[in-house]
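First up is the structure itself, then whatever we jot down about it.
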Amino acid sequence: FHWGSEHTVGGRQLDLSVHCVHLQTAGPPLSMTSTHFGVLGFLFEVSDTESDPFLAQFEDALPPAHSNEGAAAGAHRRMSDAAVVSEFKGPIDFASLYKNESLTEFYTYEGSLTTPPCSEVVDWHVAMEKRKVSKAQLKKFKDAMGISVGNYRPAQPLKGRVIQGCDKEAAPWYPYTSKAWAETAKGASIVCRDGQFQSPVDLPECPAPESRAPLQLTWGKHDVALKNNAHTVQLDVVGDAGKMKIGTYEYTLLQCHFHWGSEHTVGGKQMDMAAHCVHSQTQGVTSRRGPRYGVMGILYEVSATESDPFLALIEDRLPTAGATAVSNFSGPLDFSTMAGSTSITNYYTYDGSLT
């Protein structure tokens, strides 16, 4: 038992935990050089009205705390003291620890012992459902442990490990957190947290725009699928698509989607909305790591007197929010009205990522 819990959930430490340690006897990987364990953990939170039936079987027979006599000054956990054994010998119904638990919902990850020598030989399984412990029960365990600061090791860095157990199809993308996008959200990847070319970025507010080669667009009227994919409203181009050309680089339009508010900021200022028009690269230097994309971003700010002519073509045909749905509107839609010009000379460029 640990007071407080060693594992935290979303950064939150629970009041008590129990770790049931098992010796692995079958299944890979069985190391030839070390013993491997499987630990099943249960988390407890204090209740004003409930007590735990498993703990009730022996809470009044707990062996007393070790004496501090001879302990080093400031010692918090005394690893080497001889065990104090209670006269209580059971029997105990261990099944009562999980009878009311949903053992289909649990976290799994590869880890270590949580006390020295911290050997990395443990398959960890932690039940998601929290058990209830009364204040009186918790006090008995705290008194028996006799360690005023708690007998827990703080949560350790994952260092690239993946914790299994969360339904990534159900995990929301927003509000954004780097932890969720690296570990639990649909499509999660540590690149979202640790990548070196991540988007969006804060764009500089230029005192004077640079004179650049034109960003040329040959967007035209295209049939579309207007859909809500539960993350955004998106316009998929159907059939022949327009092009975007910058120097020797050429891209083919795939889709445009929208963000409220803008993902890119300008001089630290977030705009009210943005459109990202995603193109696949068809000419120019390509990456060996996979397909490259060119995204044309358009920033919007609210006006009291003006409306956007392109958005006016679809604003009353948007599919329902909150579920994957497709509008009955299929176009054709004149994309050339979206950018306002077929030759744009003032624009930002940088190497980045999907957002």
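Looking at (1) touching a Ser or Thr at 6+ places or on another chain (Cβ under 7 Å); (2) modelled with pLDDT of 90 or more, which one does K89 not meet, given that it meets all the others?
The failed condition is (1).
Residues that are of a type in the set (D, E, K, R), at least 3 per element: which strands (runs of 3 or more DSSP E) completely within the stretch 209-306 meet that?
Per the criteria, 221-229.
Determine whether G331 is of a type in the set (G, A, S), at pLDDT 95 or above and open to solvent by less than 50 Å² (accessible area, probe 1.4 Å).
no
Here's a check for you: in the stretch 211-260, which residue that is at pLDDT below 90 and of a type in the set (D, E, K, R) is farthest from Q281 (Cα to Cα)?
Among them, the one singled out is R212.
Name the residues in the stretch 47-66 that are in contact with a strand residue (DSSP E or B) (Cβ under 6 Å, 6 or more places away or on another chain) and either without any contact (Cβ under 8 Å) to a residue 60 or more places away in the chain or open to solvent by 10 Å² or more (accessible area, probe 1.4 Å) (or both), would you?
Passing the criteria: S47, E50, S51.
Does Y176 satisfy the criteria of being in a loop (DSSP other than H, G, I, E, B), closer than 30 Å to L14 by Cβ and either among the acidic types (D, E) or in contact (Cβ under 8 Å) with a residue 24 or more places away in the chain (or both)?
No; evaluated as a whole, the condition is false for this residue.
Within the stretch 179-199, work out how many residues are open to solvent by 50 Å² or more (accessible area, probe 1.4 Å) and of a type outside the set (A, V, I, L, M).
Summing the residues that are open to solvent by 50 Å² or more (accessible area, probe 1.4 Å) and of a type outside the set (A, V, I, L, M) in the stretch 179-199 gives 8.
Might you check whether a residue that is of a type in the set (V, I, T), at pLDDT 95 or above and closer than 25 Å to Y107 by Cβ occurs anywhere in the stretch 132-150?
Yes, the stretch 132-150 contains at least one residue that is of a type in the set (V, I, T), at pLDDT 95 or above and closer than 25 Å to Y107 by Cβ.
Looking at the stretch 104-116, is at least one residue within 30 Å of V266 (Cβ to Cβ), in a loop (DSSP other than H, G, I, E, B) and not aromatic (F, W, Y)?
No, the stretch 104-116 contains no residue that is within 30 Å of V266 (Cβ to Cβ), in a loop (DSSP other than H, G, I, E, B) and not aromatic (F, W, Y).
Is there a residue being outside any loop (DSSP other than H, G, I, E, B), loosely packed, with under 15 Cβ neighbours inside 10 Å and in contact (Cβ under 8 Å) with a residue 24 or more places away in the chain anywhere in the stretch 144-162?
No: the stretch 144-162 contains no residue that is outside any loop (DSSP other than H, G, I, E, B), loosely packed, with under 15 Cβ neighbours inside 10 Å and in contact (Cβ under 8 Å) with a residue 24 or more places away in the chain.
The values are calculated or read from the model by the stated rules, or taken from the named source; none is laboratory data. Everything numeric here is computed off the predicted structure, so don't read it as measured data. Heads up, the Cβs are rebuilt from the backbone with ideal geometry, glycines too, and the neighbour counts pull from every protein chain shown. Just so you know, the surface numbers come from the protein's heavy atoms only, side chains and all, with ligands and any DNA or RNA stripped out. Shrake-Rupley method; radii C 1.70, N 1.55, O 1.52, S 1.80 Å.
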